[in-house]
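Take a look at the structure below.
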Amino acid sequence: MHLRSLHLHQFRQYGETHFEFHPTLNLICGPNAQGKTTILEAIHCLMIGRSFRQATQRDLIQMGTHAFYLEAIFHKHGVDQQLRLYTNGTTRHIHHNDTLLPNLSHLVGLMQGAVMTPDDVHLVKGPPLARRQFLDLQLAQANPLYLHHLSRYVKAMRQRNQLLKDRTTVSIESWEYEMAHAAAYLHSQRRIGVEALHMHAATFHSYLTKGTERLSLEYRSDIPQGTFEHEMTPVYLAQFQKNRPREMALGYTLHGPHKDDIWIGINGVDVRHYASEGQQRSCTAALHVGAWERLKETTTEAPLVMIDDVGISLDSTRRQRLLDRLLSLGQLFVTTTDLSLLESFKGPKKTFLLPLGNP
């Protein structure tokens, strides 16, 4: 799969701009605050319906205008396809070819990819939520059923939490059963996903560090290791019922997939507490490359790869090894302020120097 073109209308600082991309390597170079990251942000919006930054869709609308529009032509399964996204911050319209998609969940998985940004170091040193969201996105892109169960779990938990706050048990068991059934599926898929992610990420991390460091990933949950999926629903049900009195006093659900985490270690030591910034960046790069490898493995198409400020906080050796590995992946979009990095990327490519003449 590769992205042929991207059109931006009133998106961030871009009024009306069109890009034609190279099928393998695209370098986006220029000073800060010139719109490099915005190009990746637009691609990401077409992938999953939202920015990888902490921004609402209203934040993405160009200042002084009322709506933005994005359009992409991408090649997948041997044919060209079109994605269009329009929003005024309240109303949203998404078209895949000539089909109007009813919601964002139908967008996820059409144009798959992975994005790495400088802020992604929070994957290893931030809260569990960041790691759960990272894992959920990778699984949802490859498996529409995963997104269905995730949405089902969240909706049921909101209903249960409201009943807990209201201190009533009327209909709470039906919501707990809904949660337990969805939780069993989520837990099972996450364990499988983390095992595959560990294999791919550890291999790349060993390459990046020349074998001097060993990366480990473990899925951490209240459910005992080795529990089969068909056994999990009654386990979750018992857990919800046991915790109900305490949770009713607090007004929210204490246990479930929404509280699980991924433990990340280097040579058996937790990276959150003992790794240097360079080691944390290496782990982050390994997680993203590992996620890309698994996504390719499960979808049979090479996903897009987007790297914002490539190689930041890595020493020269690890940065060069990262760049060398990136070139063997699918279609690549790289932003940088360092023009000297252009020479690090060999082979056919297209370079975009910002600012453009008419951003």
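Remarks
- Whole-Hz couplings from phi, Karplus 6.51/-1.76/1.60, listed for the stretch 216-227; x for Gly and Pro: 10, 10, 9, 7, 9, 8, 6, 6, x, 4, x, 6
- The length gained by stretching the chain between Leu342 and His148 to full extension, at 0.36 nm per residue less their Cα-Cα distance, is 65.6 nm.
- In this structure, the amide hydrogen of Asp261, modeled 1.01 Å from its nitrogen in the peptide plane, lies closer than 5 angstrom to those of Arg220, counting only residues at least 5 positions away or on a different chain.
- Once the C-beta distance of Glu231 and His77 is scaled by a Förster radius of 30 Å, the resulting FRET efficiency is 0.20 to the nearest 0.05.
- Length available on full extension from Asp59 to Ser105: 0.36 nm per residue minus the Cα-Cα distance, which gives 14.5 nm.
- Looking at the chain, the DSSP beta bridges with both ends there are about 70 percent antiparallel.
- Euclidean distance of C-alpha centroids, the stretch 26-104 and the stretch 208-239, integer Å: 35
- The C-alpha atoms of the chain define a longest principal axis, and helix 229-250 lies at about 80 degrees to it.
- Coupling constants for the stretch 193-202 follow from the phi torsions by the Karplus curve (6.51 cos²θ - 1.76 cosθ + 1.60, θ = phi - 60°), and in residue order they are x, 5, 4, 5, 4, 4, 4, 6, 5, 5 Hz; glycine and proline get x.
- Here's how it looks for Gln112: its modeled amide H is under 5 Å from those of Leu304, which are all 5 or more places away or on a different chain.
- Looking at the stretch 193-226, the trypsin sites (Lys or Arg not before Pro) that sit in a DSSP loop and have at most 12 other Cβ atoms within 10 Å of their own Cβ are Lys210.
- Per residue, the Cα convex hull of the stretch 59-195 amounts to 185 Å³.
- Between the Cα long axis of helix 36-48 and the first principal axis of the chain there is an angle of about 40°, rounded to the nearest 10.
- Sequence-distant residues sharing a close amide H with Leu25 (under 5 Å, placed H): Leu332, Lys350
- Val269 paired with Asn243, simple spin-label distance in nm, labels 7 Å along Cα-to-beta-carbon: 3.2
- Of (1) 36, 27, 18; (2) 48, 23, 18; (3) 30, 25, 17, the label for semi-axes √(5λ) of the Cα gyration tensor in Å derived from the coordinates: (1)
- Computed per residue of the chain from DSSP H runs no shorter than four, each worth -39500 (n - 2.57), the mean residue ellipticity at 222 nm is -14000 deg cm²/dmol.
- Simple point charges give the picture: +1 on the Cβ of Lys and Arg, -1 on the Cβ of Asp and Glu, and for the chain a dipole about the Cα centre of about 380 debye.
- Three semi-axes of the equivalent ellipsoid, the stretch 1-75, Cα gyration tensor, whole Å, largest first: 20, 14, 12
- Each Lys and Arg adds +1 at its Cβ and each Asp and Glu adds -1 at its Cβ; summed about the Cα centre, the stretch 273-351 shows a dipole of about 180 debye.
- Electrostatic bookkeeping for Arg167 treats Lys and Arg as +1 and Asp and Glu as -1; over the other residues with beta carbon under 13 Å from its beta carbon, the sum is +2.
- Net +/- balance of residues flanking Asp59 in space, Cβ distance below 10 Å, scoring K and R +1, D and E -1: +3
- Sequence-distant lysines (8 or more away, or on other chains) whose Cα lies within less than 20 Å of Lys36: Lys349, Lys350
- Other residues lying with their Cβ under 10 Å from the Cβ of Ala285 contribute a combined charge of +4, Lys and Arg counting +1, Asp and Glu -1.
- In this structure, Glu301 and Tyr177 have a Cβ-Cβ separation that, at R0 = 41 Å, corresponds to a calculated FRET efficiency of about 0.65.
- Degrees, to the nearest 10: 128-142 long Cα axis against longest axis of the chain: 70
- Across the chain, Cα pairs under 8 Å and at least six residues apart give a relative contact order of 26 percent.
- Dimensionless Rg over Rh [the stretch 194-243; C-alpha; Kirkwood]: 1.24
- In this rough spin-label picture, where each label sits 7 Å from Cα along the Cβ direction, the Thr169-Asp222 distance is 1.7 nm.
- Dimensionless Rg/Rh of the stretch 121-300 - Kirkwood Rh, Rg from C-alpha atoms: 1.03
Values quoted throughout were computed directly from the atomic coordinates according to the rules given, and no laboratory measurement underlies them. From a predicted model like this one, the values you see are computed outputs, not experimental measurements. Methodologically, a virtual Cβ is constructed for each residue, glycine included, from the backbone with ideal geometry; neighbour enumeration extends over all protein chains shown.
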